[in-house]
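Written out below as structure tokens is the structure these notes cover.
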Amino acid sequence: MNNKYLLIIFARLVNKDKETKERPLCTENFVDNSKRNCFVLFDWLFLKTFFQLPNVKQKSLLMIFVLLFLSGCEISRQTKAQVTQIIAVQKDQVVTCQDEINRCALLSPYETVWKETLIDKKNQAQILNIGMEALAVRLHLIRAAKKSIDIQSFIWVNDDAGHLVIKELLMAAKRGVQVRVIIDQLFSMGNSHFVAEISALHKNLSFRVYNPVLGEAHTSPFDYFSALACCLAAMNKRMHNKVFVVDGQYGMVGGRNYQSRYYDWDQSFNYKDRDVLAIGPEVTQMVSSFNSFWNSEYVVPSEYLIDVARRILNGKASDHDWQAPPDDKTQIVLAWALDNNRIQERWINDLIKVERLEFYSDPHDKPFNKESRKNSEHLTKKINEIIKGTHSKLLLQTPYLVFTKKARKIFKKLRKDNPNYKLVVSTNSLASTDAYYVYAISFKYKRFYLKELGMSVHEFRPRPADWQSMFVPDQISEETRFGMHSKSFVVDDYYAMIGSHNFDPRSDYLNTEAGFIIESKAFAKALTDDIERDTLNHNSWLVAAKEQIPFFSDISGAFATLSRKLPFFDIWPFRYATSYELKPDHQPVTFGHPDFYQNYEAVGNFPGMDLPLKQIQTIIISAFGGFAEPVM
């Protein structure tokens, strides 16, 4: 057997540069020879060697070498210096505004509100439910920025909405505003040409990336599956924060990323989501949190990603026309953003002066450091504290109804200590969800949620009857499907939370999250009204127990409970619950009311679904996918 290629790969893996401690194959090689890609060379060597090896043991050894190589690949200090030098020349240095105090900013009605908060030291908060309005508020505040704009996002896609926001940020940078953006890499951009371009747009505009997989902006299928094999634990640790801060005065958190489907701009699928805009002294805490992420070892300047650096060095970045005229829908949202009378009437008047508002963000190292997760005052800990203190009612909205064991214990104790408290949950149906595999896990726990925790579960319809008031109808077709994406709760009509936390295992342990905890009866009522509208019969299906058959239902329930507790297999076929909708001309009643089964009609486990394959997949995952619950 000829082991030449295996020896070459092994030698390159173990022969690290003594000064930089980095692997030369992945750094200097692609720099010194700009026509050569280290991954192309490496993939060719790997494939040639892999198929020449005669037995499984040797092939497995080679895979280990490959995964070690991929997991440690990063550009060298020399390459960083070259990239920094190039983009310093490429970046636009011109500042168009000579007013160094106001930076030619748009005069905003929100400025008056900010000054008011300085006097009375009371934060004010505004709920943003409609996607296109949430985009317009962002654009308005970008135009009104005088000093700084800081943004964190889990997803940033270069579609119409994502592109528009970057264009507006570039305009602010040209006025002299310092703009910083942190994006989680896993589901963002995906195009190293484009990332190379935005990395060199302007001296006042900077992008950084959280925990990039294999040190790249774009993850190829080969690299992705290699990362799954070698580095799943590290790959799973993500920044899920959605934070928007302007001048340390205005701060926004919620569920929205930067993608058209979060702002009513997608013809096929749009999210019903929620943000909250806060104005006041607490916003400075958001800046401190952002700074800790910005300077974190887990955050990498976008120009230092391997594939992006290669594009910059080779002069192969994309070249967009950032002065192109706006299309029709962009003109509409910009008109909203620039109309101060409209802003005053529709948004400023919705601001609520709250008794208390606190910003909570997980520390930047929470996913990587158990001690940090345990000892810091992070969002999950605060959420658990507030929910534990529930007396009369908990209203919760989440796209994914998958709770951790700890959360299930909290709910169980609440029910034991206070049997009469109301627990109402608004979530997705299989027909509305964007993640059927996660829904499958919640399907597994329906009996536990309903019978043992006493939840009233309402699953969002893919086409709610009130969709025209929930979204902007002009941008949506009759075929558009809708899904729930907001993450909020209200406790005892006083405590409220809006943020990025999904109340699931990922949010508790694997992601960083951010949100506002707000104490205010008025704010709690506004949030309650919106969530309760989502739970109405014409907008959601009610999940409840099937009519019980004497003796058989008890036996079936015992087996179902046993099956659910198995770590991997939940194979009992008879389900405790199903979905219901109110019969025409009947009055809504709660489950347990004597007239419930007379007033409601059972519509099956998966109403609104015309894809049998997805239903079958959901059942299979629910039965056999329990092992994946901690990473859902």
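Every read-out reported here was derived from the displayed coordinates using simple, explicitly stated rules and does not represent laboratory data. Quick caveat, the model's predicted, so the values are computed rather than measured. Every residue, glycine among them, receives a Cβ derived from its backbone with ideal geometry; neighbour counts consider all protein chains shown.
Using a Förster radius of 51 Å, what is the FRET efficiency between ILE101 and LYS370 based on their Cβ-Cβ separation? Nearest 0.05, please. All intermediate terms of the calculation are to be shown ahead of the outcome.
On the way: r = 46 Å, r/R0 = 0.90.
The formula returns an efficiency of 0.65 here.
³J(HN,Hα) across the range 379-395 via Karplus (A = 6.51, B = -1.76, C = 1.60, θ = phi - 60°), whole Hz, x for Gly/Pro?
Couplings: 5, 4, 4, 5, 4, 4, 4, 5, 5, 4, x, 4, 10, 10, 7, 10, 10 Hz.
In whole angstrom, note down how far apart the Cα centers of the range 464-503 and the range 239-302 are.
Their Cα centres are 17 Å away from one another.
Quick one: what Rg and Dmax do you get for the range 147-204 from the alpha carbons, in Å?
Reported Rg and Dmax, both Å: 11.1, 31.
Compute the FRET efficiency between ARG463 and LYS91 as 1/(1 + (r/R0)^6), taking r as their Cβ-Cβ distance and R0 = 60 Å, and round to the nearest 0.05. Mind showing how you got there, number by number?
Details: r = 46 Å, r/R0 = 0.77.
Once the sixth-power term is evaluated, E becomes 0.80.
Could you grab the relative contact order for the range 123-350? Cα pairs under 8 Å, six or more apart, rounded to a whole percent. Before the final figure, lay out the partial values.
Values: 400 pairs, mean separation 69.5, N = 228.
Across the range 123-350, relative contact order equals 31 percent.
Only loop residues by DSSP count here, and only those with at most 12 other Cβ atoms within 10 Å; note down the GluC sites (Glu not before Pro) in the range 296-405 that meet that.
GLU297, GLU377
Give the shape of the range 238-332 as rounded, prolate or oblate, defined through the alpha-carbon gyration tensor: a ≥ b ≥ c are the square roots of its eigenvalues, a/c under 1.5 means rounded, and otherwise the shape is prolate if a/b is larger than b/c and oblate if not. Before the final figure, lay out each step's value.
Numbers: a/c = 1.88, a/b = 1.09, b/c = 1.72.
It comes out oblate by the Cα gyration axes.
So between ASP529 and ALA435, what do we pick up on full extension, going 0.36 nm a residue minus the alpha carbon distance?
Numbers: separation 94, 0.36 × 94 = 33.84 nm, distance 2.65 nm.
That pair, ASP529 and ALA435, stretches by 31.2 nm at full extension.
For LYS546, list long-range residues whose amide hydrogen, built 1.01 Å from N in the peptide plane, is under 5 Å from its own amide hydrogen.
Excluding prolines and chain starts, which carry no amide H, the hits are ALA577, THR578.
For a label point 7 angstrom out from the Cα of HIS320 toward its Cβ, which stretches of the range 238-265 have the backbone nitrogen within less than 18 Å?
Once the point is set 7 Å along Cα→Cβ of HIS320, 257-265 turn out to lie under 18 Å by backbone N, inside the range 238-265.
Which pairs break 19 Å Cα to Cα here: LYS122/LYS521; LYS388/LYS413; LYS406/LYS546? Before the final figure, lay out the partial values.
Values: LYS122/LYS521 15 Å; LYS388/LYS413 9 Å; LYS406/LYS546 28 Å.
Violating the 19 Å Cα-Cα cut-off are LYS406/LYS546.
Whole-Hz ³J(HN,Hα) for each residue in the range 468-485, computed from phi via Karplus 6.51 cos²θ - 1.76 cosθ + 1.60 with θ = phi - 60°, x for glycine and proline: what do you get?
Ordered by residue, 3J(HN,Hα) equals 5, 9, 8, 10, 9, x, 4, 9, 10, 9, 5, 8, 5, 9, 10, x, 7, 9 Hz.
Taking H placed 1.01 Å from N in the peptide plane, check which residues at least 5 places from ILE182 or on another chain put their amide H under 5 Å from its amide H.
ILE151, GLN152, SER153, ARG208
Taking the Cβ of each residue in VAL402, VAL113, VAL246 as the centre, tally the other Cβ atoms inside 10 Å and list the residues starting with the fewest. Working shown, then result.
Working: VAL402 24, VAL113 18, VAL246 27.
By the 10 Å Cβ count, ascending, the order reads VAL113, VAL402, VAL246.
Given the peptides 505-511, 97-103, arrange them by the average over their residues of other C-beta atoms within 10 Å, most packed first.
Numbers: 505-511: 21.9, 97-103: 12.0.
Ranked by mean Cβ neighbours within 10 Å, highest first: 505-511, 97-103.
Spelling out what I want: for every residue of the range 87-104, take phi, set θ = phi - 60°, compute 6.51 cos²θ - 1.76 cosθ + 1.60 (Karplus), and round to whole Hz; glycine and proline get x.
6, 4, 7, 6, 5, 5, 9, 6, 10, 7, 10, 8, 7, 6, 8, 9, 6, 6
For MET239, what residues show an amide H to amide H distance below 5 Å, using hydrogens built from the backbone and excluding near sequence neighbours?
Amide H neighbours of MET239, under 5 Å, 5+ apart: THR512.
Between ASN599 and LYS413, what is the spin-label point distance in nm, taking each point 7 Å from the Cα along the Cα→C-beta axis?
According to this spin-label approximation, the distance is 3.5 nm.
When VAL603, VAL425 are ordered from fewest to most other Cβ atoms inside 10 Å of their Cβ, what list results? Don't skip to the answer; put the middle values down first.
Values: VAL603 14, VAL425 22.
Taking fewest neighbouring Cβ atoms as first place, the list is VAL603, VAL425.
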